[in-house]
Structures are given as structure tokens and as C-alpha cells.
Amino acid sequence: RKLSFDYSTKNTQPFNRKTFPVLHTDRYAGSSPVYKQPREINSYSIDADRRVWFDDRELKYYFKFTGHNLNLGFDKFIKRDESLLEHLDTLLDAVTDARRKTTNPNTTNANFITWRGIMTKLLCTPYCRNEPWELRATKYNDTIFIEEQTTAEKKEKEAQATVRQQLMSYWGYKFETLSTISILPKTINRDNYEEVIESRIPEGADTNVQYCVAVKTTLGKNSVIMGAEVDCSRDEKCVNDPLRNYIELKTSRYVENEKQRRTYERFKLLKFWAQSFLAGVPTVIVGFRDDDGYIKEVKSLKTLEIPRQVRGRPGMWDPSVCLNFANQVLDWLSDNIVDNDPTVTYCIKWQHPWRELVMECTGHDNVFLTKRFIDGEVS
Ligand code: A3P
Ligand code: MG
Ligand code: MG
């Protein structure tokens, strides 16, 4: 990635190292900053060959789960090659495309542009003291762009994933395959109904295929555009407010004892809530599976009601803590990343001993905005 830039606008010297303390969760409790209802500003499909289409060809519809056995089709599991780093490329294209379609430039500008998954990590950080992450940031035209930098630890973990771990990851995708369909369910001919259901059971999963949206929202004083994958829609896409029909599909261990209940409520519900809340996805459908990959129960959760399940319980989590913390981090990033120079990147790390976030200027290494984004073009 080679970007050239006009340095006449540069006014400060990059710093070497800044830190942001991560305090006890109590310190972030209290009233939360305003989080505006997210609005969809664009959507796009990525096909099996990772080609991007600005249409709904890969949008799936929710269709009642059938089959139960999540192991079926594992031999046909196609996993996206994650060693091919795609940075923010498709999201940047989606923003450029949205800018072309809109007459109101405000809707496509923001203080931050990033993936929803990165915001999820930020929200959960005060409660995740042993899950490291590394982000990379850069600033251009008064917008801070943030992408994930795969840690060496994570790469190693993935390379060493056992067949069992790969199978368990497949279960999540298989649940999605068994709960969705490419055509609107109400258009299925009654005579073919059984056939359609049956045909899904042996199917595999291809994680190259995605349907993504770009949403815009505001947290405190920072506007944020996020790219997010949408698992499926409850019905036809509704033009004015598409988000309200989207559904996030999740799997989780079927709860049989107190320890499992605690893990589910303390860790799983926190992540389910953060992920869907951020993108304004109102419904999470959870498939509870056993240790052999069989679904025992499917439950629908209303995203906004998830925090109520853990509210006021000792050792659980509080959504205000997540939002206050993330809000302060965004303010810290905005105060410190001041130069509009997309050829300079900053690395932000959360790691052992879990006391602070550390930001370093990494100079001209790892530049990640695309030339076509700077030029206002879509490939
Ligand atoms: P589950 O979340 O049901 O386990 P998503 O739910 O975000 O749409 O992701 C779909 C599936 O991708 C997940 O299903 C899981 O199987 C897999 N997946 C997502 N993020 C992962 C991660 N960080 N590590 C391993 N697998 C992951
Ligand atoms: Mg998904
Ligand atoms: Mg999902």
C-alpha cells in the first residue's frame, strides 16, 4: 500500500508512547453517554470468490431451524483465508459508494470509521482482562480509521487449532446455514416446503460469503461509522429502517449447571449484547448446543433486554460501564491522534498485565487506507 501525501498540512511531531489506564469497572459505572440509534448508510454482498457487489444477493432470510446436528457438512466447510489481509477495504468502498449516492454529505462523514467487531472489543475490554487485542489507527480528513492488527499470539493459536476446535467453530456457521435461506420464506411453494428444508441439512458453510452493512451512530461526542456482517433478515428489506429486521445468530453451550450458567451470563451475554447493540440489531437468536454439536434448544433474545438478565448481580456486567469506557477511549484517541496523515499509523495494544492501553506511533509502517479511497473511487 503506497500512499503519497501533502505534508504542508502537518503541524505536530508524532509522539512515541501514550497510555490510557484501564481502571476497575466500578470507575466507569453511572449514567451512560448517549448512544444514538444506528442508521444504515449502505449495504453490500461478498460472494464465494470474495468479490464485492453493492446489492443484496447474499442477504439471507431467517428460516426456522431444522436438523439439530451441527456436525453435518463439516467435510464441505470452506473457511475464508484469513492470511489475506483485507484491512478496511470493503468498508471504505462502501463509504465511497454511499457518498456517491447521497445528497447529504453529513451522513457519510464521521469521527471514526471501523469494524463493529473492533467496537465490540472496546466495549468489553473492562470485563475481559485476559483477552489481548492490537489495533492500528490512522487519520485522514478528520476521520480516525481503526483496523485490527492480528497479534502473533492469535496467529499462532489459529495455526495450532485442533480438528476439534475447527469443528466447534464450524458449529457456529452451521447453525447459521440451518437457520437461514436465500429466498424469502413466504415465497416458497407449499409443495416444495419439505424439500427445501431437507436440502439444507447436509449443506456445508462457506465463510467467504457475507452480507455486510455500514451503519452510522454517535457515542458521546464522537460519530462512528461501522461495518458489520448481518447474519439474516426477518423479512424483506425495509427501505426506511432495514436494521429493525436483522437478526444475529449465535450458538452457546446448553446450560446444565451453575458454572455453565455463570459463564453464559458473564461472558456470552456480554458479547451478544455488545455486538448487536452496537449495530442496532434488535434480535439475537441463540442455538444452545451440547458438547457433541447437537442443538437442544433455540431461544430468541431482544438485544435491548439482555442487560436486564444480569442487572445488579454481583460479578456480572453493566452496559453503562462498557459505554463509558468505550466513550473515554474514543475521546483519548481523538485527543492524541491529531495529524491528518494517512501515511502515518498508530498501534494501540491491550495486553498483560491488563492495566492500561498503550498507543505508539508506528510511523510509515503498515499504512492501510487504500489509494482508491483517498481518490474517491470504488474498485
Ligand atoms: P458463534 O458465535 O455462534 O459461536 P457471528 O456469530 O459473529 O456471526 O460469527 C459466526 C461464527 O463464526 C461464530 O459462531 C463462530 O463459530 C465463528 N467465529 C466468530 N468469531 C470467532 C472468533 N473470534 N474465533 C473463532 N470463531 C469465531
Ligand atoms: Mg455473522
Ligand atoms: Mg452470528
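Read-outs: derived from the displayed coordinates by stated rules, not from any lab. Quick caveat, the model's predicted, so the values are computed rather than measured. All Cβ positions, glycine included, derive from the backbone under ideal geometry; neighbour counts span all protein chains shown.
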- Item | Compactness relative to 2.2 N^0.38 Å, alpha carbon Rg of region 275-318 | 1.39
- So what are the three principal axis dimensions of region 242-289 from its Cα atoms, in whole Å, longest to shortest? 38, 18, 9
- Query: With each run of n ≥ 4 DSSP H residues scored as -39500 (n - 2.57), what mean residue ellipticity at 222 nm is computed for the chain after dividing by its residue count and rounding to the nearest 500 deg cm²/dmol?
  - Reply: -7500 deg cm²/dmol
- Message: Of Ser252, Tyr264, Asn104, which is farthest towards the positive pole of the chain's charge dipole, taken about the Cα centre with +1 and -1 on the beta-carbons of Lys, Arg and Asp, Glu respectively?
- Response: Tyr264
- Note on the structure: Quick numbers on region 229-379, Rg and Dmax over C-alpha atoms in Å, give 20.0, 56
- Item | Amide H contacts of Ile285 (H built 1.01 Å from N, under 5 Å, at least 5 apart or other chain) | Glu248, Leu249, Lys250, Leu301
- Message: How many angstrom lie between the Cα centre of region 342-379 and the Cα centre of region 41-83?
- Response: 29 Å
- ³J(HN,Hα) across region 267-273 via Karplus (A = 6.51, B = -1.76, C = 1.60, θ = phi - 60°), whole Hz, x for Gly/Pro? 10, 5, 4, 4, 6, 4, 4
- Query: When Lys259, Lys76, Lys60 are ordered from fewest to most other Cβ atoms inside 10 Å of their Cβ, what list results?
  - Reply: Lys259, Lys76, Lys60
- May I ask what percent, to the nearest 5, of DSSP beta bridges between residues of the chain are antiparallel? 75 percent
- Item | Set of lysines near Lys76 by C-alpha distance (under 18 Å), chain-local residues within fewer than 8 positions excluded | Lys174
- Message: Using Cβ counts within 10 Å as a stand-in for footprinting exposure, how do Glu148, Glu198, Glu356 rank, fewest first?
- Response: Glu198, Glu356, Glu148
- Query: Across region 104-116, in residue order, what do the Karplus-derived ³J(HN,Hα) couplings come to in whole Hz, using 6.51 cos²θ - 1.76 cosθ + 1.60 with θ = phi - 60° and x for Gly and Pro?
  - Reply: 10, x, 4, 5, 10, 10, 7, 6, 9, 10, 7, 7, 4
- Query: Can you give the Rg to Rh ratio for region 105-242, taking only C-alpha atoms and Rh from Kirkwood?
  - Reply: 1.04
- Query: Can you sort Cys124, Cys361, Cys322, Cys238 by how many other beta carbons sit within 10 Å, fewest first?
  - Reply: Cys238, Cys361, Cys124, Cys322
- Taking the alpha-carbon centre of each part, the distance from region 222-284 to region 293-320 in Å is 11 Å
- Item | Calculated from backbone phi, Karplus (6.51, -1.76, 1.60) coupling profile of region 44-55 in Hz, x at Gly/Pro | 7, 10, 10, 8, 4, 9, 6, 7, 9, 10, 7, 8
- Task: Run down the aspartates and glutamates and flag those whose C-alpha is under 15 Å from the C-alpha of Lys79, throwing out any fewer than 8 positions away in its chain.
- Result: Asp47, Asp49, Glu158, Glu176, Glu203, Asp206
- Cα-centred dipole magnitude for region 194-311, charges only on beta-carbon of K, R (+1) and D, E (-1), debye, nearest 20: 1000 debye
- Message: Across region 189-233, what fraction of all alpha-carbon pairs, as a whole percent, falls in each successive 10 Å bin from zero upward?
- Response: 19, 28, 26, 15, 11, 1
- Item | Cα Rg, Dmax (largest Cα-Cα span) when computed across region 14-75, Å | 22.0, 56
- Within the P(r) computed for region 319-369, what percentage of the Cα pairs occupies the region above 19 Å? 38 percent
- Note on the structure: Among Val310, Cys322, Thr362, the residue whose Cα sits farthest towards the positive end of the charge dipole of region 240-379 (+1 at Cβ of Lys and Arg, -1 at Cβ of Asp and Glu, taken about the Cα centre) is Val310
- Rg/Rh of the chain (Cα atoms, Kirkwood Rh), to two decimals, equals 0.96
- Among the lysines, which have Cα under 26 Å from the Cα of Lys349 when same-chain residues fewer than 8 positions away are ignored? Lys2, Lys10, Lys18, Lys121, Lys139, Lys154, Lys155, Lys157, Lys216, Lys221, Lys268, Lys271
- Taking the chain as a Gaussian network, Cα atoms linked when under 10 Å apart, which of Asn324, Asn189, Asn141 shows the biggest mean-square fluctuation? Asn189
- What nm value, rounded to one decimal, do you get for the distance between Thr150 and Glu356 when each label is placed 7 Å out toward the C-beta? 3.0 nm
- Query: Hey, if you put +1 on the Cβ of every Lys and Arg and -1 on every Asp and Glu Cβ in region 39-92, which of Ile41, His87, Phe65 ends up farthest toward the positive end of that dipole?
  - Reply: Phe65
